[in-house]
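Here's the structure, in structure tokens; my notes come after.
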Amino acid sequence: MKHKTIIEPFKIKSVEPISLSTEEERNAYLKKAFYNPFLLTSDQVIIDLLTDSGTSAMSADQWAGIMKGDESYAGSSSWKSMEAAVKHLTGMEFVLPTHQGRAAERIIYGYLGGEGKVFISNTHFDTTRANIEYSGAEAIDIPIQESYDTTLIHPFKGNMDTERLKEIITDRGAENIGAVILTVTNNSGGGQPVSMQNTKEVSKICKEHGIILLLDCCRVAENAYFIKHREGGFENKSYEEIAQQMFQLVDGAAMSSKKDALVNMGGFLTLRDKEIAKACTNMLIITEGFSTYGGLSGRDMEALAIGLKEVFDPHYLQYRIRSTTYLGEKLDEMGVPVMLPIGGHAVYIDAQKLYPHIPANEYPGQALVCQLYLKGGIRSVEIGSVMFGKYAEDGNLIAAPMELVRLAIPRRVYTQSHIEYVIETFDEILKEAPEIRGYKIVEEPKFLRHFTAKFEKL
Ligand code: F0G
């Protein structure tokens, strides 16, 4: 039987115009932005796949929630809605609202971090790593070996290498480990999921050594989708139940709610331990806001509470994951070197394979990001040596392990014809690939350089 097309499970009530542009115009825009798409203005972009963060379309229910937002400084009903939604999902006693994910990270890693401390993750997202390193601590990534092979099919490429975890604990001493962090799904590692089995194993090791285990749970609903469909024993569990089970295995979580809570702004830190929660609440009040709003308006909290439920709707999650997969599979069929299997929120392209003639220190990922913009007005992001490269003492670049480009799909924003347009743009990208040249960085800040670095064409 032929399956019917999986349609967007929503219809459109309010539209936002896209301003179209010619390649010639985009050439000028890109030059003015120093070949860094972060420096473009949004009206210069046709399809914005820079990030899935804070770019979701909210539902009619969420917009209704916005009107109900209670803006009281203390104890607002919107805070009560948000707190209840987070507790229902995570089962944790202490919930600290923050304006976005990195604020939660700064608070918890500022508290647990500092000189001499080590943090271990399947892969730290860039803001997570930056907050840890800023505290003086060290961040070590230990994804499973399979995750480095971009074409290998493995159901849970986001998993952590548990043998390496044990070795590092023995090497460094459990007392020096600030925390172990599982990022679900593993954003920088290709949007790949973490299995429940791996979470259980990591949790067991952490418990044995008295080490705190945290979830970076921005995309925990998407991760639950993969568990239900790929890991035995979860077929009859709801997506929400799967996520709840994952939270039971950890001591705390930080969430950028700009992803799987379907809001444009928001986040939280949630903890079981009273003492840690107390210390973090002090910091929250000093730098974010009072403990019943953090950095959020009442209306933000109301929308977040609603989004955190909507995201587990099976029709939504099926559409969400299938549409990302659709884009990825089409590109794969055309011969674009995509990371396989296709992740949850984004399609990752191996720019080093697309441009084998461009060495890492000439940033093949940045070259692809610029080409996508020029040819289609498509904005994407480099996740390679621009984002994660470091300099050795002699000034040479220490390249990132992979040179990826991410096409992140905003939630409930683009339709299938937008996605078809992206696919068509890749025809040109493939044709011109052999002639494309790299870039050099002419200006950069010390931390998170990809946001503001300036480039020149080579
Ligand atoms: N952790 C992960 C796994 C993330 O993907 C992000 C953000 C954060 C933490 C930080 O959250 O932006 O709310 O402060 N990722 C965005 C992205 C920026 O484009 O992937 P934030």
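Before moving on, here are some points about what is shown:
- LYS353 accessible area, 1.4 Å probe, all protein chains in place, Å² to nearest 10: 100
- Across segment 60-310, the convex hull enclosing all Cα atoms gives 115 Å³ per residue.
- Carbon and sulfur %, accessible surface of the chain computed with the full protein complex present, 1.4 Å: 52
- Set of aspartates and glutamates with alpha-carbon distance to LYS117 below 15 Å, sequence-local pairs under 8 removed: GLU133, GLU138, ASP141, ASP171, GLU175
- Residue ranges 262-270, 192-200 sort as 262-270, 192-200 when ordered by packing (mean number of other C-beta atoms within 10 Å per residue, highest first).
- Normalised by the number of residues in the chain, the mean separation of alpha-carbon contacts (under 8 Å, six or more apart) gives a relative contact order of 23 percent.
- Computed over segment 284-323, the convex hull of the alpha-carbon atoms projects to a mean area of 3.7 nm².
- Hull volume per residue, based on the alpha-carbon atoms of segment 256-389 and their convex hull, is 178 Å³.
- Separation of segment 103-139 and segment 73-92, taken as the distance between their Cα centroids, equals 26 angstrom.
- Hydrodynamic analysis of the chain uses the Kirkwood radius over alpha carbon pairs. Inserted into Stokes-Einstein at 20 °C and 1.002 mPa s, it gives a translational diffusion coefficient of 95 µm²/s.
- Ellipticity estimate at 222 nm from DSSP helix runs (n ≥ 4, -39,500 (n - 2.57)) divided over the chain, nearest 500: -12500 deg cm²/dmol
- Taking a straight line from the alpha carbon of LYS204, these aspartates and glutamates sit under 14 Å away, with near neighbours fewer than eight places off in the same chain left out: ASP161, GLU163, ASP251.
- All C-alpha pair distances within segment 171-261, sorted into 5 Å bins from zero, spread as 3, 14, 25, 24, 18, 10, 4, 2, 0 percent across the bins.
- Considering only the chain, percent of DSSP beta bridges that pair antiparallel, nearest 5: 60
- Accessible surface ranking for LYS390, LYS258, 1.4 angstrom probe, highest first: LYS390, LYS258.
- Working value for segment 22-150: equivalent-ellipsoid semi-axes of 32, 29, 15 Å, each the square root of 5 times a Cα gyration tensor eigenvalue, largest first.
- Think of the chain as a dipole: +1 on every Lys or Arg Cβ, -1 on every Asp or Glu Cβ, centred on the Cα centre; then among LEU354, ILE169, ALA74, ALA74 lies furthest on the positive end.
- Probing with 1.4 Å while keeping every protein chain in the model, the per residue accessible area of segment 123-192 equals 36 Å².
- Value of relative contact order over segment 60-310, rounded to a whole percent, pairs C-alpha under 8 Å and six or more apart: 32
- Estimated distance in nm for a label pair at SER14 and ASP427, the labels positioned 7 Å out from Cα along Cα-to-Cβ: 3.6
The values are calculated or read from the model by the stated rules, or taken from the named source; none is laboratory data. Everything numeric here is computed off the predicted structure, so don't read it as measured data. Here the Cβ is made from the backbone with ideal geometry for all residues, glycine too, and neighbour counts use every protein chain on show. Calculation scope for accessible area: heavy atoms of the full protein, side chains included, ligands and nucleic acids excluded. Shrake-Rupley method; radii C 1.70, N 1.55, O 1.52, S 1.80 Å.
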